[in-house]
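Okay, so here's the structure we're looking at.
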Amino acid sequence: MPPASWSRPARVSAAALLAAALVGCSPPGSAADGPAPGPAGSGLSQPGPGDAATAGKGEVSLLQRVGTDGPLRTLDVEPDGRWECVDCAGDGVTSTGALNPEHVTRLQGLLADPGLAKESDQVRRYQVVCVDALTSSLITSAGLVTSQDCPGEEHPPIAHEILLLLTQATPAEMTA
């Protein structure tokens with residue numbers, strides 16, 4: 001549990017910086033795969049060589065950016081379904097809410113699916129390939145799972161279901 005002085009947006013910002021570094025265009029095994037700094041005691045683990053960012057069990061963060069210069073949109077969801085969304089609609093507004101019980105049950109089932117670990121960027125050796133596309137990164141306890149909204153890209157099925165659930169039940173958006 002992070003210290004009381006760490007606000008949720010500060011932890012999300014650290015997660016955003018970490019995810020941005022991890023989903024860069026560097027090939028797997030490059031220097032970009034090395035350790036990245038993160039706040040001590042945050043919900044994210046600090047990755048070492050070959051590791052990826054993770055969230056606590058039942059938690060998920062969605063980080064989205066259009067292209068390399070677009071604003072970062074973040075959504076953080078707690079195990080009980082409470083969420084906080086920073087700039088999710090691209091309007092600079094931070095909003096909060098809660099998923100309904102059915103969405104919480106579905107989300108927790110997807111996050112607990114052992115197949116999610118096989119969809120992590122590390123396992124798939126994922127590399128961002130499209131320019132100016134919406135890049136969505138989910139930080140879960142199974143690791144970081146990234147996908148892009150570009151023609152021909154196959155989306156990891158479990159992570160895609162999580163992305164659909166989050167974008168349909170919150171102000172987060174599925175497309176740019």
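The values are calculated or read from the model by the stated rules, or taken from the named source; none is laboratory data. Since the structure is predicted, the reported quantities are computational estimates derived from the model, not experimental observations. FYI the Cβ positions are ideal-geometry reconstructions off the backbone, even for glycines, and counts take in every protein chain you see. Quick note on the areas: whole protein, heavy atoms, side chains included, nothing else; ligands and nucleic acids left out. Shrake-Rupley method; radii C 1.70, N 1.55, O 1.52, S 1.80 Å.
Observations on the model:
- Taking residues in segment 154-176 that are in contact (Cβ under 8 Å) with a residue 12 or more places away in the chain and open to solvent by 20 Å² or more (accessible area, probe 1.4 Å), and partners anywhere that are charged (D, E, K, R) and part of a helix (DSSP H, G or I), the pairs with Cβ atoms closer than 9 Å and at least 6 places apart or on different chains are PRO157/GLU119; ILE158/LYS118; ILE158/GLU119; HIS160/GLU119; GLU161/ARG106.
- Selection status of ILE158, in contact with a strand residue (DSSP E or B) (Cβ under 8 Å, 6 or more places away or on another chain) and either at pLDDT 95 or above or farther than 21 Å from ALA53 by Cβ (or both): no
- Scope segment 133-164; condition in contact with a Pro (Cβ under 8 Å, 6 or more places away or on another chain) and small (Gly, Ala, Ser); matching residues: SER147
- Only listed residue being out of contact with any Gly (no Cβ under 7 Å at 6 or more places or on another chain) and at negative phi, chosen from ARG106, ARG73, ARG125: ARG106
- Any hit, segment 20-42, residues being under 25 Å from PRO156 (Cα atoms), of a type outside the set (D, E, K, R), at pLDDT below 50 and buried (at least 21 other Cβ atoms within 10 Å of the Cβ): yes
- Taken together, the residues in segment 97-107 that are open to solvent by less than 50 Å² (accessible area, probe 1.4 Å) and assigned to a helix (DSSP H, G or I) amount to 2.
- Matching entry among LEU116, LEU111 (being open to solvent by 10 Å² or more (accessible area, probe 1.4 Å) and not hydroxyl-bearing (Ser, Thr, Tyr)): LEU111
- Identity of the residue in segment 43-80, of a type in the set (Asp, Glu) and closer than 16 Å to ALA142 by Cβ, that ends up modelled with the lowest pLDDT: ASP51
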